[in-house]
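This report refers to the structure that appears directly beneath it.
The values are calculated or read from the model by the stated rules, or taken from the named source; none is laboratory data. Note that this is a predicted model, so its numbers are computed, not measured. Cβ placement follows ideal geometry from the backbone for every residue including glycine, while neighbour counts extend to all protein chains displayed. These accessible areas exclude ligands, DNA and RNA; they are computed on the full protein's heavy atoms, side chains included. Shrake-Rupley method; radii C 1.70, N 1.55, O 1.52, S 1.80 Å.
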Amino acid sequence: MATYLFSEEELAHLRYIREHAPVSIWYEYTRYIFDYENFHFVLDIEVADKINFSKKDNKFTQHALKTEVAFFDEKFVPRTGSDLLIENDSILEIDIARTKLYFTEHIKVSETYFHANSGQINPTKPIPEDIRQAKVVVVDAGVVIKCKSKIILNLFIADNEDDFITTNYYYRQGDFSKELSSKFQFIPII
């Protein structure tokens, strides 16, 4: 099993964000920006692993996605399409959203259609017995931020897709862990 978890440097960035609330948090399809006026942090999607069981055909390549946190010593400038999520709010807690991805070989369903039973599950749970997995990857898919204003931001890759678009980033208090616990383990940053 391969693991792609936040590095010590990335965890230090997340602790800083928790302890020194950003002026604003922005969303841009494949990244979230934590703006501090003269510098910023970015939570971005990266390919952790490429999985291909066919040595002959790259069309069967599957990807395991993870998130990374990077520091930029420059002013953040919102672009067209940047979406302001929150401003001037204290952060009470940040939890890592960790998931287990399992990948299977593609099966020919018809002359032109192939299907893989790849999926995702909470890393504390076993993979379903009816799945013949060939590769398992554990990734940090992002974070959940709980704010003083009671806003909860889900800033993680929800379905191992290529962007954050499928993530409903606003949740009411208490909803996220119950609804998403089948796919994610939520680990508080200490």
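Some points to look at:
- Qualifying lysines (Cα of each under 24 Å from Cα of residue 135; at least 8 residues distant if same chain): 50, 55, 56, 59, 66, 100, 108, 125, 183
- Global size of the stretch 20-70 as Cα Rg and Dmax, reported in angstrom: 16.2, 50
- Relative to one another, the C-alpha centroids of the stretch 15-40 and the stretch 63-141 are positioned 20 Å apart.
- Computed E for residue 37/residue 159 - FRET, C-beta separation, R0 25 angstrom, nearest 0.05: 0.15
- For residue 117, the residues whose amide H sits under 5 Å from its own are 104, ignoring neighbours fewer than 5 places away on the same chain, with H placed 1.01 Å from N.
- Working note: Debye formula, equal point scatterers on the alpha-carbon atoms of the stretch 1-97, no solvent; log10 I(q)/I(0) at q = 0.18, 0.21, 0.25 Å⁻¹ is -0.87, -1.08, -1.38.
- Taking trypsin sites (Lys or Arg not before Pro) as exposed when DSSP calls them loop and at most 16 other C-beta atoms lie within 10 angstrom, the chain has its longest site-free stretch at 1-54.
- Derived scalar couplings between HN and Hα for the stretch 107-120 equal 10, 6, 9, 8, 4, 10, 10, 10, 9, 10, 8, 5, x, 8 Hz in order, rounded to whole Hz, by the Karplus curve 6.51 cos²θ - 1.76 cosθ + 1.60 (θ = phi - 60°), x for Gly and Pro.
- Counting only DSSP beta bridges whose two residues both lie in the chain, roughly 95 percent are antiparallel.
- Cα-based shape type of the stretch 59-105, given that a ≥ b ≥ c are square roots of the gyration tensor eigenvalues and the cut on a/c is 1.5: prolate
- Evaluated at q = 0.27 Å⁻¹: base-10 log I(q)/I(0), Debye formula over Cα of the stretch 98-151: -1.03
- For residue 143, nonlocal amide neighbours, meaning residues 5 or more places apart or on other chains whose placed amide H falls under 5 Å from its own, are 97, 155, 156.
- Where only C-alpha atoms are counted, convex hull volume of the chain per residue in Å³: 140 Å³
- Choice from 160, 52, 38 showing the highest fluctuation, given a GNM over the chain with Cα pairs closer than 10 Å: 38
- Surface accessible to a 1.4 Å probe, residue 3 within the full protein complex, Å²: 80 Å²
- Range in the chain, longest, excluding exposed chymotrypsin sites (Phe, Trp or Tyr not before Pro) [loop by DSSP; at most 14 other beta-carbon atoms within 10 Å]: 114-190
- Carbon + sulfur, % of accessible area of the stretch 1-115 - ligands and nucleic acids excluded, 1.4 Å: 48 percent
- Of the residues 8, 37, 129, 28, ranked by 1.4 Å probe accessible area with the largest first, the sequence reads 129, 8, 37, 28.
- Think of a 1.4 Å ball rolled over the protein heavy atoms: the chain then has 55 Å² of accessible area per residue.
- Against the criterion of solvent-accessible heavy-atom surface with a 1.4 angstrom probe, 127, 152 sort, most first, into 127, 152.
- Gaussian network model of the chain, springs between alpha carbon atoms under 10 Å - residue of 22, 78, 123 with greatest fluctuation: 78
- Point-to-point label distance, residue 112-residue 19, nm (Cα→Cβ direction, 7 Å offset): 5.8 nm
- Checking every one of the GluC sites (Glu not before Pro) in the stretch 71-120 against DSSP loop status and a limit of 16 other Cβ atoms within 10 Å picks out 74, 111.
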